[in-house]
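Here's the structure we're looking at; comments come further down.
The values are calculated or read from the model by the stated rules, or taken from the named source; none is laboratory data. These figures come from a predicted structure and were not determined experimentally. Here Cβ is always computed from backbone atoms with ideal geometry, including for glycine, and neighbour counts include all displayed protein chains.
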Amino acid sequence: MLTVYELRSRISKLPRVSLGHFPTPIEFCPRLTEAVGGPRIFIKRDDCTGLAFGGNKTRQLEFTVGQGVHHEADVLIGGAGSQSNHCRQLSAAAAKLGLECRIAVVEDHKAEESKGNLLLDDLLGASVQTVDVPTQEELDVAKEQVASDVRSEGKNPFVVMKPENRPYGAMGYALAVAEMSEQMDALGERVDAIVGCSGSCTQPGMIFGNKVLGLGARVYGIAPIEWSYDIKDAFLGVLNRMVELLGVDLAFDREDVWNSPDYIGSEGYGYCSEAGNEALRLMATTEGVILDPIYTGKALSGLIDLAKKGELGSDETVVFLHTGGTPALFAYTEELLGKA
Ligand SMILES: *Cc1c(COP(=O)(O)O)cnc(C)c1O
């Protein structure tokens, strides 16, 4: 186990760029708590990281773009679904650092409309191309193609989000857990559980931080997407690499990972779920806080369901991680108004 000081000092040896406003606020949600009728709910406002509307990618990019800068890249390459929050924050990071940004997005059901994140990518100066592949897992080839085009122009590309970079991205969330624990200590609160949306970096980072600091909280991940591979194996790969990178004496196993695909909704990734949209409205009308329909609304619907099932006890204290994603709202107005 490490102290917060030791964790920060080990992570500080890694290449990093400064992109966000930290610490993000943490707030008690009294009216949401009452409406849910379960555990006491706090919200960690990582929608307020400051980088082009904020979100969880800001903390990850400090380290993944840090790798790119370390490799002297002059072009950053990203790719994901068309309403990608990662691509929007990557575009902003590139602009802030004076680097070029090229993005490949899946030609999905939101790729036609230049709304939400696609509009922001354009305003931030990224060049965006749509690729006709069925899912974002097939984008790796397209991203490598962009990288080879960049090389043939005599420039140095860096593909930001590939599997080997995930452990670096996750470092941002090991630090976020340290930050959260200091904030809750200062409020005289102990954290029984953390709930947040994650499918790649955020939750492994939190699992790592929680265990290495000995906080003893349960970390619940609500998946936004169902991958073709086993998510526990993928998370353990990230965790084991973090152990290596930081030289800590810790071991992780499948028991350390709780991640559920049960709240994605019947239409899958990138589509709204009824329960998610209801949860989004509940948060908005009880706390005046806006969630997004694809990640955080679904994550809150998961929290509410876990409270109903008694998995989160009514005498417990839960931190709900707001991972951002709000600009995508404006690409889903019909669905949110119940007209689609
Ligand atoms: C990307 C994203 C997530 C998932 O993050 P992971 O890196 O997969 O853990 C959750 N919420 C929002 C709003 C996102 O944009």
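Of all residues in the range 45-62, how many are touching a His at 6+ places or on another chain (Cβ under 9 Å) and not in a helix (DSSP H, G or I)?
Residues of the range 45-62 that are touching a His at 6+ places or on another chain (Cβ under 9 Å), as a first pass: 45-51, 54-58, 60-61.
Narrowing the set further to residues that are not in a helix (DSSP H, G or I) leaves 45, 49-51, 54-56.
So the answer is 7.
For the range 86-94, indicate whether the set of residues that are part of a loop (DSSP other than H, G, I, E, B) and modelled with pLDDT of 95 or more is non-empty. Quick ask: steps written out before the conclusion?
If we filter the range 86-94 for residues that are part of a loop (DSSP other than H, G, I, E, B), which is where we start, we get none.
Checked against the condition, which is being part of a loop (DSSP other than H, G, I, E, B) and modelled with pLDDT of 95 or more, the range 86-94 yields no hits at all.
Name the residue that is farthest from Leu312 (Cα to Cα), counting only residues in the range 221-232 that are surrounded by fewer than 23 Cβ atoms within 10 Å (Cβ to Cβ) and within 13 Å of the ligand (Cβ to nearest atom). It would help to see each step written out before you state the result.
As a first pass, look at the range 221-232 and keep what is surrounded by fewer than 23 Cβ atoms within 10 Å (Cβ to Cβ): 225-232.
From what's left, within 13 Å of the ligand (Cβ to nearest atom): 225-227, 231.
Details: Ile225: 23, Glu226: 24, Trp227: 26, Ile231: 23 Å.
Ranking the candidates gives Trp227 first.
Per-residue answers, yes or no, for (1) on the phi > 0 side of the Ramachandran plot; (2) touching a helix residue (DSSP H, G or I) at 6+ places or on another chain (Cβ under 7 Å):
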position	(1), (2)
Val243	no, no
Ala251	no, no
Ser260	no, yes
Tyr263	no, yes
Gly268	yes, no
Tyr271	no, no
Ala275	no, yes
Arg281	no, no
Thr285	no, no
Residues of the range 35-78 that turn out to be away from the ligand (no atom under 13 Å from the Cβ), touching a residue at least 40 places away in the same chain (Cβ under 8 Å) and over 14 Å from the mean Cα position of the chain (by Cα), as a count: 22
Hey, Ile290 closer than 19 Å to Lys57 by Cβ, within 16 Å of the ligand (Cβ to nearest atom) and surrounded by fewer than 23 Cβ atoms within 10 Å (Cβ to Cβ) or not: yes
Ser260 away from the ligand (no atom under 12 Å from the Cβ) and within 16 Å of the chain's Cα centre (by Cα): yes
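Go through the range 94-125 residue by residue and tally those that are of a type in the set (Gly, Ala, Ser) and under 14 Å from Val159 (Cα atoms).
Initially, the range 94-125 is screened for residues of a type in the set (Gly, Ala, Ser), giving 94-95, 98, 104, 111, 114, 116, 125.
Narrowing further to those that are under 14 Å from Val159 (Cα atoms): 94, 104.
Count: 2.
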Number of positions in the range 301-334 that are surrounded by fewer than 15 Cβ atoms within 10 Å (Cβ to Cβ) and either over 23 Å from Val177 (Cβ atoms) or touching a Leu at 6+ places or on another chain (Cβ under 7 Å) (or both): 6
Evaluation of Gly214 against (1) farther than 28 Å from Leu280 by Cα; (2) assigned to a loop (DSSP other than H, G, I, E, B); (3) touching a helix residue (DSSP H, G or I) at 6+ places or on another chain (Cβ under 9 Å); (4) touching a residue at least 40 places away in the same chain (Cβ under 8 Å) (one fails), failing number: (3)
Listing of helices (runs of 4 or more DSSP H) fully contained in the range 259-340 that carry 2 or more residues being more than 28 Å from Met184 (Cα to Cα): 274-287, 333-336
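May I ask you to say which residue of Val69, Val75 is in contact with a strand residue (DSSP E or B) (Cβ under 6 Å, 6 or more places away or on another chain), more than 17 Å from Thr296 (Cα to Cα) and β-branched (Val, Ile, Thr)? Spell out how you get there, then give the answer.
Working: Val69 fails: in contact with a strand residue (DSSP E or B) (Cβ under 6 Å, 6 or more places away or on another chain).
From the options Val69, Val75, the qualifying one is Val75.
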